[in-house]
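The values are calculated or read from the model by the stated rules, or taken from the named source; none is laboratory data. These numbers were taken from a predicted model, which means no experiment stands behind them. No Cβ is skipped: glycine too gets one built from the backbone with ideal geometry, and neighbour counts run over all protein chains shown.
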Amino acid sequence: MLNKYPLWKYLLVLMVILVGLFYAAPNLYAPDPALQITGESSSQIIDDKVLDRALTALEEAGVEHFGEVIEPDGRNALVRLADAETQLLAQARVSRALGDGFIVALNLAPTTPSWLSDYGAQPMKLGLDLSGGVHFKLEVDVDAAIERRMEYYVNAVKRALREERIRGLVTLDNAGKVAARFRSEELRERARAIIAENHPELVLDRVEEGEDWSVLAVMTDQTRKEIADYSVSQNLTTLRNRVNELGVSEPLVQRQGQNRIVVELPGIQDTAEAKRILGKVANLEFRLVANIDAAASEKQRYEYRSDDRAGMSEWLERDVIITGERVSNAQASFDQNGRPNVQISLDSEGGTLMSRATRNNVKRRMGVLFIERKYRTRYEMQEDGTEKIIKTPYDEKKLLTAPVIQQALGAQFQITGLDSPIESSELALMLRAGALAAPISFVEERTVGPSLGAENIRLGVKSVQYGLALVVLFMILYYRVFGVAAVIALSANLMLLIAFMSLIGATLTLPGIAGIVLTVGMAVDANVLIFSRIREETAAGLSPQMAIHSGFERAVATILDANITTLIVAVILYAVGTGPVKGFAVTLSVGIVTSMFTAIMGTRALVNLFYGGRKVRTLSIGGPKATGATA
């Protein structure tokens, strides 16, 4: 008899449907609004005392909460809230209660049962337009970038004058100008000529005060503008690199105005980690450890004293060998003793500078200084009774390690002396993604309003329901029993589409819902081609069983041609598109694959169950009476 699948094909279809149902099931469990608490440092531990302070703040604010838990690794705590509208209030109160040193981020806590999550089943991520993810607005401190550039000029002028053997005192004065003081007019003029030749972007003024002959250097307005623009553009690139390191699908990182950057991370689970990585303004400086006797007698050779991990204090020379900006690659690793370290690769200029500095300083020690921008927070009561949050920036400097230089270093070496693999991984990520050209601060953090997200979801689901209902009604009325088979296959197609997108971690957006609606139409279109072919075969005089067999066989080539063409277009859309366009392309691509499976194998399996393996005189397929020779 024709049209009877072997058992393994039925089992294959059944297994795919059951697996799809399992991985689609988590989408039935809506996440809870939550707060995530973590330390500013990746190695910082969140204990019960910290959690109790947070819960006390929530209770005093009248915010309902439940399900508070500290993660097993002790790095995060999660507090679920009863209402999404209280998230911002809860965040503000907990942030104030814990003070500086902690990050309190908005989050969505999954409610997927363990019998699903233990096997990797997770709900589909929702885009920001569907209330899933976080929105950050960051402000770039361009004044700090300009100040940093002036400090660079101070070191560059010192180096140039030292090479020409011109003695003088070069400092950065209170007005932000490079001030070079000399004992004679002749030295000043020689120095001025060198500065003008090396740095034509600086405006130079001669100043005479008593026995001091000085040159004051300041940047032009055009140069300041270029530095400000560069710092924002460079930060934009760095933030994109950091977002890529986080593995967020379909993120948005774009410039807004003169000095602000908007970052949107749809579907992200660890918002506190994202906030720490994005907002961390950190850099490395490599400096020689100063000789104590020389430092005491020649103070210009060192800048400050820094404490290392063991509590020892080291005087570091003022001159910087290289900074983290010269790092081209960084990977967390372990040394031969199993201790965490970071493998560093420098660019060509960085390798040259490191080699030049270390080849004549073998057996001396080199300090690796970690500099991180942090903020002190204070609250001021305003006349209207509201509190104003004031954040004052400061730089925290830590000496990671100060190893002895055993031989001249080149473009590749390692940083040792780190506390934990977590710290080495984060340091490697920061160096690999690039240093920020200027400090940034968070001026806004929010999730998409629950009313907007809920409305988008409601309208999106309604569009799918209406489209599906009309298709179901048409297919059953027009194709009867075959229409019922098509509807069952269509439902399986939607379920498989949701399951596959959940499994690959794709993010669903409003354009993605549009792709689902389009997929419904395309899946039905495949069935229409098959059923129309079956009608044609019965009209040509074939028996019902032969008509079914011939209809499916001959329609498959047309279905494959149409769907592969559309799939190519979807791949191109994903390759060249951004944001919503990519969301649409992903949904459409997955939908094409699942619809071909359900239309060709799923519908055929159902039709075979209805009609296969027995004599049939007529087919309930609508249209002209579908009869033929019995088989």
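Here's the yes/no breakdown for (1) touching a strand residue (DSSP E or B) at 6+ places or on another chain (Cβ under 8 Å); (2) surrounded by fewer than 18 Cβ atoms within 10 Å (Cβ to Cβ):
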{"site": "M522", "(1), (2)": "no, no"}
{"site": "D525", "(1), (2)": "no, yes"}
{"site": "S532", "(1), (2)": "no, yes"}
{"site": "A540", "(1), (2)": "no, yes"}
{"site": "I548", "(1), (2)": "yes, no"}
{"site": "L560", "(1), (2)": "no, yes"}
{"site": "V569", "(1), (2)": "no, yes"}
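G101 meets the conditions (1) in contact with a strand residue (DSSP E or B) (Cβ under 7 Å, 6 or more places away or on another chain); (2) small (G, A, S); (3) at negative phi in every case but one. The failed one is (3).
Only residues that are outside any loop (DSSP other than H, G, I, E, B) and either closer than 22 Å to R224 by Cα or of a type in the set (S, T, Y) (or both) were counted in segment 141-176, giving 20.
The strands (runs of 3 or more DSSP E) found wholly in segment 1-111 include none carrying at least 2 residues that are touching a helix residue (DSSP H, G or I) at 6+ places or on another chain (Cβ under 9 Å), modelled with pLDDT of 85 or more and loosely packed, with under 14 Cβ neighbours inside 10 Å.
The number of residues in segment 445-478 that are at pLDDT 80 or above and surrounded by fewer than 16 Cβ atoms within 10 Å (Cβ to Cβ) comes to 9. Return yes when T565 is surrounded by fewer than 19 Cβ atoms within 10 Å (Cβ to Cβ), over 30 Å from E264 (Cβ atoms), assigned by TED's automatic domain parsing to the domain that holds A506 and at pLDDT 85 or above and no when it is not. Yes; evaluated as a whole, the condition is true for this residue. The requirement of being without any contact (Cβ under 8 Å) to a residue 24 or more places away in the chain and farther than 30 Å from L138 by Cβ is fulfilled somewhere in segment 209-228, by at least one residue.
Among all positions in segment 264-272, there is at least one residue which is out of contact with any Gly (no Cβ under 7 Å at 6 or more places or on another chain), modelled with pLDDT under 85, crowded, with 22+ Cβ neighbours inside 10 Å and closer than 30 Å to I504 by Cα.
Every residue, every condition in (1) in a helix (DSSP H, G or I); (2) of a type in the set (K, R); (3) within 16 Å of F531 (Cα to Cα), yes or no:
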{"site": "E553", "(1), (2), (3)": "yes, no, yes"}
{"site": "L567", "(1), (2), (3)": "yes, no, no"}
{"site": "Y574", "(1), (2), (3)": "yes, no, no"}
{"site": "K582", "(1), (2), (3)": "yes, yes, no"}
{"site": "L588", "(1), (2), (3)": "yes, no, no"}
{"site": "I592", "(1), (2), (3)": "yes, no, no"}
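Across segment 351-364, the qualifying residues are those that are in contact (Cβ under 8 Å) with a residue 60 or more places away in the chain and either among the hydrophobic types (A, V, I, L, M, F, W, C) or in contact with an Asp or Glu (Cβ under 8 Å, 6 or more places away or on another chain) (or both), and the one among them that is surrounded by the most Cβ atoms within 10 Å (Cβ to Cβ) is M354.
Selection of segment 605-618 for residues being modelled with pLDDT of 80 or more and either crowded, with 24+ Cβ neighbours inside 10 Å or of a type in the set (G, A, S) (or both) yields A605, V607.
Could you list, in sequence order, all residues of segment 580-603 that are of a type outside the set (V, I, T) and surrounded by fewer than 24 Cβ atoms within 10 Å (Cβ to Cβ)? Give the steps one after another, and end with the answer.
Step one: of segment 580-603, the residues of a type outside the set (V, I, T) are 580, 582-585, 588-589, 591, 595-597, 599, 601-602.
Within segment 580-603, P580, K582, F584, A585, S589, M596, F597, M601 meet the criteria.
The requirement of being surrounded by fewer than 12 Cβ atoms within 10 Å (Cβ to Cβ), at pLDDT below 85 and closer than 29 Å to A438 by Cβ is fulfilled nowhere in segment 156-164; no residue meets it.
Go through segment 329-373 and count every residue that is in contact with a Pro (Cβ under 7 Å, 6 or more places away or on another chain) and within 27 Å of K280 (Cα to Cα).
Narrowing segment 329-373 to residues in contact with a Pro (Cβ under 7 Å, 6 or more places away or on another chain): 332, 334, 340, 365-366, 373.
Imposing the further condition that a residue be within 27 Å of K280 (Cα to Cα) reduces the set to 332, 334, 340, 366, 373.
Residues meeting the conditions: 5.
When I592 is tested against (1) free of Cβ contacts under 8 Å to residues at least 24 places away in the same chain; (2) among the aliphatic types (A, V, I, L, M); (3) under 23 Å from V464 (Cα atoms), just one condition goes unmet, and that condition is (1).
Restricting attention to segment 371-406, the residues that are farther than 30 Å from L418 by Cα and in contact with a strand residue (DSSP E or B) (Cβ under 7 Å, 6 or more places away or on another chain) add up to 9.
For beta carbons closer than 6 Å, sequence separation of 6+ or different chains, a first residue in segment 476-489 that is at negative phi and a second that is of a type in the set (G, A, S), the qualifying pairs are I476/G483; Y478/G622; Y479/G622; V481/S620; A489/G602. Inspection of segment 386-394 finds a residue satisfying the criterion of being within 30 Å of N259 (Cα to Cα) and touching a Pro at 6+ places or on another chain (Cβ under 9 Å).
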